[in-house]
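The next block holds one structure in the form of structure tokens; read it before the comments.
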Amino acid sequence: MDFNVESLPYLFHIKFTDSWTHRSKGVFIDSDGIEYRYEDTNGWKSFYETNEIDFNRTLDFEVEAPPSISEVEIKPEVLFHNLSLCRKKKPFMLLSRIDKLMLSVEIIEGLMNSPMVYTNNEVVYDAPTTTYSLLVYDVANACYRQIHLNSTGYRNVQNNSVYTQRILQKFQKYRVS
């Protein structure tokens, strides 16, 4: 598979992590609905060499609001290497324009500039984590930026953008757990 930033300006990512084994599985979905599925990250290069953010493990449970979204930078060559290890699955039928993931600059900026908020006050220790995010190519910095949309597990947090729910609803049909 030949990947490049022009053909993959952004990807939707759903990641499930087991709390006991810390094994991950998930799916990347491009703007045409092509899925790149993985069940094991053996052979993967880490996305988070210096600045991983895990909202479920790093939150101070006494604080009323979660931290703001971190600027997680992912090198294209690392992302493309990991995508090459995934199982590619094309959509069953051509996606209509309404089903495609179409992101404007306004939507991306709205998501990047919105704070994360708790969706409830519950703390569930040893809970598996499911994270929904977007990986968006940043031309100026020659890297992908990870924009967190929603994370459930120890604490449930969500991007407070007006666009978050619409994007999450579009991808409810994709299951990884």
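Structure above, values below:
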item: Answer residue from region 134-157, given it is among the polar types (S, T, N, Q) and buried (at least 22 other Cβ atoms within 10 Å of the Cβ) and is farthest from Lys25 (Cα to Cα) among those; result: Gln146
item: Those residues of region 1-25 which are under 17 Å from Val136 (Cβ atoms) and among the small types (Gly, Ala, Ser), in sequence order; result: Ser7
item: Segments classed as strands (runs of 3 or more DSSP E), wholly inside region 73-172, with at least 2 members that are of a type in the set (A, V, I, L, M); result: 116-118, 129-138, 143-152
item: Filter result for the condition that a residue is acidic (Asp, Glu), buried (at least 17 other Cβ atoms within 10 Å of the Cβ) and modelled with pLDDT of 65 or more, over Glu73, Glu77, Glu6, Glu39; result: Glu73
item: Filter result for Gly26 (over 14 Å from the mean Cα position of the chain (by Cα) and either modelled with pLDDT under 85 or not polar (S, T, N, Q) (or both)); result: no
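The values are calculated or read from the model by the stated rules, or taken from the named source; none is laboratory data. All values reported here derive from a predicted model rather than from experimental measurement. When we count neighbours, we look across all protein chains shown, and the Cβ atoms used for this are built from the backbone with ideal geometry, even at glycine.
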